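Remarks on the structure that follows.
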Amino acid sequence: MVYYRIGQLYMISKHSHEQSDRGEGVEVVQNEPYEDPVHGPGQLTEKRVYLNSKLPSWARAVVPKIFYVTEKAWNYYPYTITEYTCSFLPKFSIHIETKYEDNKGSNDDIFHNELKDLEREVCFIDIACDEVPDRYYKESEDPRSFKSEKTGRGPLRDGWRESHLPIMCSYKLVAVKFEVWGLQTRVEQFVHKVVKDILLIGHRQAFAWVDEWYDMTMDEVREYERTTQEATNKKIGIFPPAISITDIALPSCSRSGPSSAPSTPLTTDAPEFLTVPKDRPRKKSAPETLTLPDPALSAQSMFTSNAKPE
């Protein structure tokens, strides 16, 4: 799991840079140490994701031409919390918890009893054999043909989860909430599909880019993260103050955060033409099994989605 932590940071930075262009992409607002009394030292990251052109036509019809989603992540590896909110739609949120274990997805109770009484769907993501949307496919990032020069891992064939050892699993518990009349089911189902695609693509890239990050130290990947984030912000045409990234833990008293990883506050009222129906339970999903290439590590990814038709 230690190797994957570096691979994950590298993959996120490089992927964000590749997916950004003038006016759209991922702007890094904050990236600094965060001390939590429960989870200990970690890293707090806040980003703004501009993606209007990537929305389906029915979604573009009801949102402003320019808007962004706020991503906040608290990384206490091997446990992380990620939240997505949108000021334009205060009734919309995505909450993802991630836990990593050295197994191939055999722990059915990793999130304890949180979902036992709820209807849910559990999806296993196979980074080698699951189909990738054509617009995202790259032959150089296909685990079925990629072979690592530094680690000797790959290509991945059918049944690789049974034959590759050691192996690591990334479990994700995903909750999507969108309480807007007439759009709730469609939006929640769309978001679950997008999350699943992102997990699949990201984990394929982490595997295919292993020779780029395998020899990195944590200091080196943090420096790569800093320079790439600055380049990405300039690429999308945003020039915020210089980003300070450090791994030096700050005392908890120096930060006005909650006792555990907080939820992003939602204070903006919904537009007048969007009405909120009666209270509805948050739909949940528990995700993922992932594989990481490394002589001492392989990873697989399981994604659990809990959206049910209304």
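Pairing residues of region 153-169 that are over 13 Å from Cys129 (Cβ atoms) with residues that are among the acidic types (Asp, Glu) and part of a loop (DSSP other than H, G, I, E, B), at Cβ distances under 8 Å and at least 6 apart in sequence or on separate chains, gives Pro166/Asp102; Ile167/Asp102; Met168/Asp102; Cys169/Asp102; Cys169/Glu288. Of the residues contained in region 89-97, one or more are found to be modelled with pLDDT of 85 or more, under 11 Å from Leu173 (Cα atoms), of a type in the set (Val, Ile, Thr) and open to solvent by less than 50 Å² (accessible area, probe 1.4 Å). Would you point out the residue of region 1-47, among those that are in contact (Cβ under 8 Å) with a residue 12 or more places away in the chain and in a loop (DSSP other than H, G, I, E, B), that is surrounded by the most Cβ atoms within 10 Å (Cβ to Cβ)? Here the answer is Ser20.
Among the residues making up region 48-88, those that are open to solvent by less than 70 Å² (accessible area, probe 1.4 Å), under 24 Å from Glu18 (Cβ atoms) and modelled with pLDDT under 70 are Leu51, Asn52, Leu55, Pro56, Ala59. Note on region 77-101: among residues that are part of a strand (DSSP E or B) and hydroxyl-bearing (Ser, Thr, Tyr), the one that is nearest to Gln184 (Cα to Cα) is Ser93. Checked against (1) surrounded by 13 or more Cβ atoms within 10 Å (Cβ to Cβ); (2) over 23 Å from Thr85 (Cβ atoms); (3) in contact (Cβ under 8 Å) with a residue 60 or more places away in the chain, Ser140 meets all criteria but (1). Taking the criterion of being small (Gly, Ala, Ser) and either assigned to a strand (DSSP E or B) or surrounded by 20 or more Cβ atoms within 10 Å (Cβ to Cβ) (or both), the residues of region 164-182 that qualify are Ser170, Ala175.
Scanning region 145-163 for residues that are in a helix (DSSP H, G or I) and open to solvent by less than 30 Å² (accessible area, probe 1.4 Å) yields a count of 1.
In the set Arg204, Arg222, only one residue is out of contact with any Leu (no Cβ under 6 Å at 6 or more places or on another chain), farther than 25 Å from Asp134 by Cβ and open to solvent by less than 30 Å² (accessible area, probe 1.4 Å); that residue is Arg222.
The values are calculated or read from the model by the stated rules, or taken from the named source; none is laboratory data. These numbers come from a predicted model, not from an experiment. Because the Cβ atoms are built from the backbone with ideal geometry, glycine has one as well, and the counts that use them run over all protein chains shown. What goes into the accessible areas is simple: the full protein's heavy atoms, side chains included, and nothing from ligands, DNA or RNA. Shrake-Rupley method; radii C 1.70, N 1.55, O 1.52, S 1.80 Å.
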